[in-house]
Every structure is written in structure tokens, then in C-alpha cells.
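Encoded as C-alpha cells, the structure appears first; notes follow it.
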Amino acid sequence: MPHHPDGINAPRFTGIPTFMRVPFVEEIKDLDIAMVGVPYDGGVTNRPGARHGPREMRNQSSLMRGIHHVSRINPFDACRVADVGDVPFKESHIPDRAMEEIETFYREIHAANALPLTAGGDHSITYPIFRGIASAKAPLSMIHIDAHTDTWDSWQGNKFNHGAPFRRAVEDGVLDPKQTIQIGIRGPQNVSDGWDFSLESGMRVIFMEEFTEMGVNNVITEARRVVGDSPTYISFDVDGLDPVYAPGTGTPEIGGITTIEAQKLLRGLRGLNLIGGDVVEVAPPFDPSGNTAMVGATMMYEILCLLSEAITVRA
Ligand SMILES: [Mn+2]
């Protein structure tokens, strides 16, 4: 497969923007990590626009370079990484069908032995991703960064709305709530049902006030304790960040995580048994400067470095 272009002989402002300038492949084979776009926002409960997230994150992700300045990992040298394109939607205006179409694509990626790294899309997409890569016999663990627990129930008749993916995943047995940690939770709600579901099902919920009290290092220790060495997925909703850093999102909440805190948190997850990740809820219509997409793409790069190290260790 073609090599990742370096930014010296092929300047980063040139070429067609794939994720982080990796090659685009149509056939998913001989890959360690598959970067995927899921341009879907049929699950939003308020401001739409995350369907445009993958394209804008591809564009902004061309700013990324190879070598991580802390770990010195170069994921593009360490692993076979490609952009496998977007989920090929045919009926995405029907939520039930959209969920099936996403699941089908991730089954393919999983069958090809590649780890998925995804740009959303609203957060409803993580539920069919879990269905594609996990089973009730082997549910996933999760480290979840978000302002919202996303364990609410149906909204306006849509059980696949973006406030519900992890409730659906627990009901289906593809997510183990006792090995799930939710970090950065805050903001008022219409009903407390989602918070209650998370706590009653056994998830570890770190509200923003506790995050501030604990500090990032203790949050890392707690996250590592919760997931242990089990297969773990990282789901990163940009609204977990403070809107100062990520204003371009559908449901912003002030008083959130800073970008350096988020980077430290992710860097503290080295050595875990990581099997995939996503960055969701970048909504370009609310992001005129492109900053939120740039921040989202950088968090994808942090997760990519973690995944590539996890693969290298396993090999
Ligand atoms: Mn979310």
C-alpha cells in the first residue's frame, strides 16, 4: 500500500484531503487501522450539522504531522493506516436503516482485522459501531469523554437519538456498564433518567466538579482501574471540551475540559487493551473558523497514536 506522505517532500497543503493524509483505499484488507467517516446526524435532538464533520475533519487533519512530541510514536511508520472512506449510506434518512448500514460497514472492518478510528457524525453512531465490532458474549469496555452520559431513552419517537447510544448498547449486551467510565458530565437536563441509568447500571460517572477536584492524573488512574486489561473503546464527544475550545457542536455546555487536559487524559491511556475509538459531534455549520474540526482531528491523532502502540505491543 502507498506510504504516508511526509510533510517536507509533499507539503501538507497539497493533495486531496484524506484523514491525516493517509492513503485512501476502497478495499479493506492488510490494514492495522481503518479511519472512517460517518456523515450522519439523524440522531440530533437540537442543532444539526455533524453530518458535515468527517469532511471538515479530513480537511483540518492535514495539519497533523507524524511524530508525537511526548511519546515519539509515529503511527504512520508503526502501522498500516488508511482512510477507508465514509459509510456508504443509502437510506440514512430512516434512523433504523442508518443504524444497520453503519453496523454492516463496521462488521466488514472487524472481519478484516482492522481497528476502526472514526470521525462522526452525531453520537448515535457509536451504538451501531459497537454492534459491528462487539458481541453479547464479549461486550466492550469504554472510556467516554462527554458533557452528557448519552444513556437517555427515546426522544420524539427515535430510540436511536444521540442521547441514547450507550443505553441501547447496554441493553444489547455489547457494552459492559461495569467497565465503563464517563468523564466530564455536566449541564442541566429535562429529566434525570440518563444520569440515573448510568449510575444504576454500574457505570463510573465523573461529573465535571469531581473531575476538577480529582485532577487529570487521578482521573487517569480511575479510568485504568475501571477498564483493566479488557478490550476498551475510546469515545470522544467534542462537547466534553469547553465550548471555548470546541464551539462548533450541537449541544455545547460551558465549564468543560480544556484541550491540554484532554490530551493529558488520552496520553495517560497508553498500554491499555485498546480496540478502537471515535471523535464525534463536530458540527461545521457552528464552526466558522474550523477550530473545532482542528481540535477534533488532533484528538483523533492522539487516539491513533494509542491504537498504533497497542497494535505494536500485541504483535
Ligand atoms: Mn455525546
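The values are calculated or read from the model by the stated rules, or taken from the named source; none is laboratory data. Bear in mind that the values here come from a model prediction, so they are computed numbers and not experimental data. Glycine also receives a Cβ, built like all others from the backbone with ideal geometry; neighbour counts cover every protein chain displayed. Protein only, heavy atoms only, side chains kept; ligands, DNA and RNA dropped before computing areas. Shrake-Rupley method; radii C 1.70, N 1.55, O 1.52, S 1.80 Å.
Tabulated results
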item	result
Tally, over region 180-195, of residues that are open to solvent by less than 60 Å² (accessible area, probe 1.4 Å) and assigned to a helix (DSSP H, G or I)	2
Residue list for region 146-161, filter: open to solvent by less than 70 Å² (accessible area, probe 1.4 Å) and hydrophobic (A, V, I, L, M, F, W, C)	ALA147, TRP152, PHE160
Scope region 67-98; condition among the small types (Gly, Ala, Ser), assigned to a loop (DSSP other than H, G, I, E, B) and under 14 Å from PRO54 (Cβ atoms); matching residues	SER92
Exclusive hit being open to solvent by 20 Å² or more (accessible area, probe 1.4 Å), within 25 Å of HIS110 (Cα to Cα), touching a helix residue (DSSP H, G or I) at 6+ places or on another chain (Cβ under 8 Å) and away from the ligand (no atom under 14 Å from the Cβ), set VAL170, VAL174	VAL170
Helices (runs of 4 or more DSSP H) wholly inside region 200-315 containing at least 3 residues that are within 23 Å of GLN179 (Cα to Cα), within 16 Å of the ligand (Cβ to nearest atom) and of a type outside the set (Val, Ile, Thr)	none
